[in-house]
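Everything on this sheet refers to the single structure shown next.
Every number in this text was worked out from the coordinates using simple rules, so none of it is lab data. What you see is a predicted model; the values in this text were computed from it and never measured. So basically every Cβ, Gly included, is an ideal-geometry build from the backbone, and we count neighbours across all protein chains shown.
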Amino acid sequence: MKSYYIKRFVSMLVTLWVIITITFFLMHFTPGSPFNDERTTNEAIQKNLEEQYHLDKPLIVQYGMYLKQIATFDFGISIKKSSQTVNEMIGRGFPVSFELGMVALVVAVISGITLGVIASLKHNGVIDYIAMTIAVIGISIPNFVLATMLIQQFAVNWKILPTATWSSWKHMILPTIALATSPTAIIARLTRTSMLEVLTQDYIKTAKAKGLSPFKIIVKHALRNALLPVVTLLGALAASILTGTFVIEKIFAIPGMGKYFVDSINNRDYPVIMGTTIFYSTILIIMLFLVDLAYGILDPRIKLQKKEG
Amino acid sequence: MGSLLEVNNLHVSFASYGGEVQAVRGVNFSLKKGETLAIVGESGCGKSVTSQTIMRLIPSPPGKIKDGSILYKGKDLTKLREEEMRGIRGSSISMIFQDPMTALNPTLTIGDQIMEGIKQHKQISKVEAKSKAIEMLELVGIPNPEMRLKQYPHQFSGGMRQRIVIAMALICEPEILIADEPTTALDVTIQAQILDLFREIQQKRDVSIILITHDLGVVAQVADRVAVMYAGKIVEMGNRRDIFYSPQHPYTRGLLNSVPRLDQEGELVPIDGTPPDLFSPPEGCSFTARCPYAMEVCKRVYPLESNLNDHHQINCWLQDERAKRILHTI
Amino acid sequence: MGLPQETLYEKKEDIALDEWFVPIEKKKGEAEAVVRPSLSYWQEAWRNLGKNKLALGALIFLILLIIMAIIGPILSPHSISEQKLINQNQPPSSEYWFGTDSLGRDVFSRTWYGARISLFVGIAAAVIDFLIGVAYGGLSGYKGGRVDHILMRIVEVLYGLPYLLIVILMSVVMGPGLGSIIIALSITGWVGMARIVRGQVLQIKNYEFILASKTFGAKTYRIIRKNLLPNTMGPIIVQMTLTVPSAIFAEAFLSFLGLGIQAPLTSWGVMADEGLSAILTGHWWRLFFPTLFISLTMFAFNVLGDGLQDALDPKLRGGK
């Protein structure tokens with residue numbers, strides 16, 4: 001089992017390295033990038049850049065130095081707002097984004113699983129059909145579309161919830177709904193399909209033949225197996241929630257990292273772009289790794305496999 | 001009379017998009033204490049449905065008990081409420097299934113799965129449950145039971161898993177054990193071991209066993225009495241001697257003839273044809289289309305029951321005196 | 001046993017008449033009549049799909065959508081870029097069927113023009129995913145061994161890359177616009193398809209019926225056509241159908257952030273972005289139409305993809 005995890009860890013590092021490398025070279029090769037543009041915005045900034053990024057040195061050396069810099073978690077200074085370091089911006093924005101993302105994830109997981117289980121138990125009935133149709137709708141409406149619809153209805157028309165910022169729990173409702181709906185739908189569908197398959201398995205028949213109560217059969221026997229694919233999905237879901245925050249934060253004017261990211265893209269603020277990209281990717285990759293770990297713990301067949309996973 | 005279990009005129013059907021499938025069409029048999037009854041027949045004859053109906057494990061849409069009763073110690077199992085039935089499953093009547101590779105939950109330890117049966121039905125402490133589980137594992141011949149309790153199903157071979165399944169079924173000391181094709185998925189050598197185990201358990205624990213199978217070899221080894229099923233009905237029933245040494249029903253004979261034997265040369269003789277469509281089963285004897293001795297009456301009317309002696313019964317028009325006219329062909 | 005006898009009859013002779021005790025003449029083969037006629041794989045699939053009303057509805061919707069995308073801008077008397085500032089921000093009326101935007105442009109014709117762009121992006125992405133994915137996955141699966149191992153390691157790493165992030169980065173690098181979006185989507189999107197194709201190829205390589213076909217002397221081409229294709233194409237078609245909505249989503253997402261389609265082109269995402277600020281001033285139609293169509297289109301593709309999946313899976317035959 002150990003070797004399995006070491007492999008995964010190494011894979012994780014490799015992916016991270018690939019992203020850093022891609023990001024670095026992309027930024028440096030982009031025409032119009034302050035890194036290689038003769039027309040500069042102003043002298044002071046250009047000087048800053050040259051010092052910061054040693055632009056006189058060969059690219060490979062710059063790359064090496066950037067790697068070193070990153071290893072010490074220093075992401076450099078913003079170009080457009082030269083008084084701020086990227087680290088500061090991340091430090092300010094990340095906690096907010098994290099809160100938003102985590103709440104959305106938890107809501108999605110709990111609602112999704114519950115809905116999926118209920119739909120699977122009332123299989124082929126009216127409830128199932130309605131639930132699954134809602135689920136497809138949930139997947140199909142992009143989160144930013146949903147966000148705008150929610151604002152339109154609840155904030156503008158009915159004026160019961162605030163539109164912007166992130167100051168009270170009331171402010172959390174609309175953004176969370178917008179962000180969590182699609183993942184809820186995906187989880188619900190997967191849980192349902194998985195439960196349906198598990199419920200036809202022989203070991204469920206065995207459990208019934210032992211006279212166990214339906215609750216025990218569903219929770220102890222069925223769910224444990226049915227949730228395994230869902231756990232695998234969590235990594236990808238975390239990614240989609242994360243990218244969702246960019247757009248949700250923009251719409252609801254929430255001061256999270258997403259806002260900085262999107263702004264920096266529109267402003268071509270390359271150090272910020274690079275720094276936040278790498279930071280985001282790291283978070284994602286860590287999440288994927290955690291999910292893998294969790295899956296390994298939950299499924300005894302993986303836990304005890306000595307060969308490659 | 002001393003029957004532990006009595007199945008009377010059982011009719012079970014399934015609603016499907018093509019109509020109603022009559023899987024069990026009037027089955028009668030009884031089970032005495034300490035005996036092993038084998039129900040034999042080809043796929044689709046209704047033997048599994050019958051046994052699962054005893055346990056009320058058939059999902060209620062689409063399945064339905066259309067008629068009949070199942071009397072266990074005087075109580076009619078078909079009329080019990082689900083909670084009452086749950087009290088019986090696993091404690092008074094237990095069932096084991098065909099494929100040991102999938103019968104166990106892969107994410108739980110076998111100890112957990114064995115003990116959960118007894119914890120469900122009896123007020124018992126964890127320590128007592130554990131020692132009972134160990135006792136069961138020893139009974140079914142799993143070495144080193146204490147350590148094995150903590151292991152997971154995938155760490156056991158097929159034969160051992162089937163033993164574990166049997167241990168699970170017996171932990172509450174049921175009076176009846178229903179085994180649905182318990183050896184079909186196993187190698188022949190393992191099969192022999194499991195059958196030996198059945199015999200041993202029966203002696204030691206005085207359990208009555210209903211054994212469902214399509215394999216006559218299995219029947220010969222363990223059954224006291226045999227019921228031969230075809231297309232939802234029992235066509236012949238007798239004790240082991242009756243069935244193997246003087247089978248009367250053409251289907252039973254066909255089955256026996258189609259079993260390859262080491263001491264016989266020549267071609268294998270299968271029974272021509274396939275079982276009838278159970279959407280609209282024939283009026284008369286369902287074996288008519290495949291029976292080499294079929295008569296006009298067989299097509300029209302279902303054969304009445306004949307008692308060949310007080311333990312051998314059969315439903316076949318060939319038993320009627322008027323059939324002796326063509327009996328020279330038998 | 002106690003089988004309830006027909007006690008209504010006193011004598012057996014009344015139920016079973018004497019003259020019936022004669023042998024039957026049987027027709028040969030009667031005993032083995034097959035109950036239902038068998039259908040070919042595609043016929044069966046089409047029949048299954050037909051039973052799914054929702055999926056059929058989705059298919060019809062999409063066909064109508066494509067038709068409108070082609071003729072829509074022509075239908076309306078106004079062009080897509082004609083600006084009549086006097087008429088800015090008009091609600092839907094008989095003259096401007098979907099209303100106008102802040103520059104007095106006709107939302108109706110712009111919506112269908114946006115449809116062209118969004119559909120184009122979606123379908124292009126699906127096709128490119130298919131081409132690259134099939135080539136890569138097919139090669140990997142077919143060759144097996146070291147080649148497969150290496151190719152799959154690469155895929156693993158790529159799979160871990162956050163899709164949208166890469167797409168965003170690509171757009172930054174290549175500058176926004178239709179071409180960059182498609183390239184960006186293609187660079188990462190094929191990975192899923194490659195995995196599926198490889199899985200299918202691996203499965204099929206060893207299928208017994210392939211061996212059986214070979215032993216009957218069937219030529220390779222025939223094997224591929226009659227055996228491999230029907231079984232592999234299912235998941236591939238489903239994957240393509242489901243790629244479209246995610247590509248449409250990605251485009252809309254990017255355009256919404258300002259990174260996608262740029263003027264003078266427009267897409268539903270761009271229109272939604274422009275429409276967002278308008279809701280505060282009550283011009284609901286500017287947001288409504290693009291978002292409505294994004295959602296409906298994605299919904300239709302998802303439903304169709306689901307329906308295809310159910311229909312093309314031979315294991316589900318005879319169920320329900």
task = Calculate, in whole percent, how much of the Cα-Cα pair population of the protein assembly as shown lies beyond 47 Å.
result = 43
note = Under 5 Å from the placed amide H of B:Asp76, counting only residues 5+ away or on other chains, we find none
remark   = So, with points 7 Å from each Cα along the Cβ direction, the B:Lys75-B:Arg241 label distance in nm works out to 3.7
message = I want to verify a result. In a Gaussian network model of chain B, Cα cutoff 10 Å, which of these has the top mean-square fluctuation: B:Gln221, B:Gln264, B:Gln313?
response = B:Gln264
task = Place a label point 7 angstrom from the Cα of B:Asp206 along the Cα-to-Cβ direction, then list the residues of the range B:79-100 whose backbone nitrogen is under 13 Å away.
result = none
ask   = Can you list the HN-Hα couplings for the range B:307-319, worked out from phi with the Karplus curve (6.51, -1.76, 1.60; θ = phi - 60°), rounded to whole Hz and with x for Gly and Pro?
value = 9, 6, 7, 6, 10, 10, 10, 8, 10, 7, 5, 5, 6
ask   = Using a simple spin-label model with points 7 Å from Cα along the Cα→Cβ vector, what separation in nm is obtained for B:Glu83 and B:Thr274?
value = 4.6
note = The ³J(HN,Hα) series, computed from each phi in the range B:113-129 with the Karplus coefficients 6.51, -1.76 and 1.60 at θ = phi - 60°, rounded to the nearest Hz and given as x for glycine or proline, is 5, 6, 6, 4, x, 7, 5, 5, 9, 10, 7, 8, 7, 4, 5, 5, 4
task = Per residue of the range C:126-137, in order, report the coupling 6.51 cos²θ - 1.76 cosθ + 1.60 (Karplus, θ = phi - 60°) as ³J(HN,Hα) in whole Hz, putting x for Gly and Pro.
result = 5, 5, 5, 4, 4, 4, 5, x, 5, 4, 5, x
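Greater than 28 Å separation of Cα atoms is the criterion. Which listed pairs, B:Lys75/B:Lys122; B:Lys64/B:Lys119; B:Lys132/B:Lys233; A:Lys2/B:Lys130; A:Lys205/B:Lys132, meet it? List each step's numbers first, then the result.
Working: B:Lys75/B:Lys122 21 Å; B:Lys64/B:Lys119 31 Å; B:Lys132/B:Lys233 40 Å; A:Lys2/B:Lys130 31 Å; A:Lys205/B:Lys132 23 Å.
Too far apart for the 28 Å limit: B:Lys64/B:Lys119; B:Lys132/B:Lys233; A:Lys2/B:Lys130.
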Cα convex hull volume per residue for chain B (Å³) = 152
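Take the Cβ-Cβ distance between B:Ser131 and A:Ile286 as r, set R0 to 45 Å, and report the resulting FRET efficiency rounded to the nearest 0.05. Write down the numbers at each step before the final one.
Working: r = 46 Å, r/R0 = 1.01.
The computed FRET efficiency comes out at 0.50.
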request  = Grab the beta carbon distance between C:Ile15 and B:Asp67, set R0 = 22 Å, and tell me the FRET efficiency rounded to 0.05.
outcome  = 0.60
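Per DSSP helix of 4 or more residues, -39500 (n - 2.57); summed, then divided by the residues of chain B. What does that give at 222 nm, rounded to the nearest 500? Intermediate results must be reported in sequence, preceding the final value.
Details: 11 runs with 103 residues, N = 330.
It lands at -9000 deg cm²/dmol.
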ask   = Put a dot 7 Å past each Cα toward the Cβ at C:Gln262 and A:Tyr63; how far apart are the dots in nm?
value = 2.8
note = Under 5 Å from the placed amide H of B:Ile209, counting only residues 5+ away or on other chains, we find B:Glu35, B:Thr36, B:Leu37, B:Leu177
task = Give the calculated FRET efficiency between C:Lys143 and A:Ile110 to the nearest 0.05, with a Förster radius of 30 Å applied to their Cβ-Cβ distance.
result = 0.10
note = Expressed as a whole number, the average count of other chain Cβ atoms within 10 Å around the Cβ atoms of C:271-277 is 2
message = Please enumerate, by chain and number, the aspartates and glutamates with C-alpha under 20 Å from the C-alpha of B:Lys73, excluding those fewer than 8 residues away in the same chain.
response = B:Glu6, B:Glu35, B:Glu82, B:Glu83, B:Glu84, B:Glu173, B:Glu175, B:Asp206
task = Would you pull out the residues with amide H under 5 Å of B:Gly26's amide H, same chain only if 5 or more places away, H placed 1.01 Å from N?
result = B:Leu10, B:His11, B:Val12
task = Taking just the C-alpha trace of the range A:250-303, give me its Rg and Dmax in Å.
result = 16.6, 50
